[in-house]
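Scroll down for the structure; my scribbles are underneath it.
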Amino acid sequence: MGVNYKPLWKLLIDKEMEKSELRTAAGIAGSTLAKMYRNEYVALDVLVRICNTLHCQLSDVAEIEFEKENVTAETSAVDK
């Protein structure tokens, strides 16, 4: 299981906002933004600051990527 921030990058495009502008407005470090670009975990308070800055929900910023094996196993368990 992992996380990706594709929704955030799409939202920034829609809002015509640069990543550097988000970094300044949300008060996050450049290294944190770099982690997000690499789809690495960041602290929840960072995501909340981004949501407050962009006036959006967490689901507008990040999404969970499930492993295929786990999804199949969970689906089988639910079907029983």
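Derivation of every value follows stated rules applied to the coordinates shown; laboratory data play no part. Being a predicted model, the structure only gives us computed values, none of them experimental. Reconstructed Cβ throughout: ideal geometry from the backbone, glycine too, with neighbour counts over all protein chains shown.
Rounded to the nearest 0.05, what FRET efficiency do Glu67 and Ala34 have when you use their Cβ-Cβ distance and R0 = 30 Å?
0.75
How many lysine pairs does segment 2-79 hold where the Cα atoms are under 16 Å apart and the two sit 8 or more places apart or on different chains?
Lysine pairs, 8 or more places apart or on different chains, close enough: 5.
For the Cα atoms of the chain, what angle does the longest principal axis make with the long axis of helix 68-79, in degrees from 0 to 90, nearest 10?
Between helix and principal axis, roughly 50 degrees.
Would you mind working out the magnitude of the charge dipole of segment 2-79 relative to its Cα centre, with +1 at each Lys and Arg C-beta and -1 at each Asp and Glu C-beta, to the nearest 20 Debye?
For this selection, approximately 400 debye.
In segment 25-66, which trypsin sites (Lys or Arg not before Pro) fall in coil by DSSP and have 11 or fewer other Cβ atoms within 10 Å?
For trypsin sites (Lys or Arg not before Pro) across segment 25-66 that sit outside H, G, I, E and B with at most 11 neighbouring Cβ atoms in 10 Å, the list reads Arg38.
Cβ under 14 Å from Leu11's Cβ, Leu11 left aside: what net charge do those residues give with Lys, Arg +1 and Asp, Glu -1? Don't jump to the answer; show the numbers that get you there.
Details: positive: Lys6, Lys10, Lys15, Lys19; negative: Asp14, Glu16, Glu18, Glu21, Asp60, Glu63.
Residues close to Leu11 contribute a combined charge of -2.
Using 0.36 nm per residue, how much length does the chain from Gln57 to Lys19 gain when fully extended, once their Cα-Cα distance is taken away?
11.9 nm
As I understand it, the dipole of the chain uses +1 on the Cβ of Lys and Arg and -1 on the Cβ of Asp and Glu, about the Cα centre. Which of Phe66, Ala25, Leu8 lies farthest toward its positive end?
Ala25
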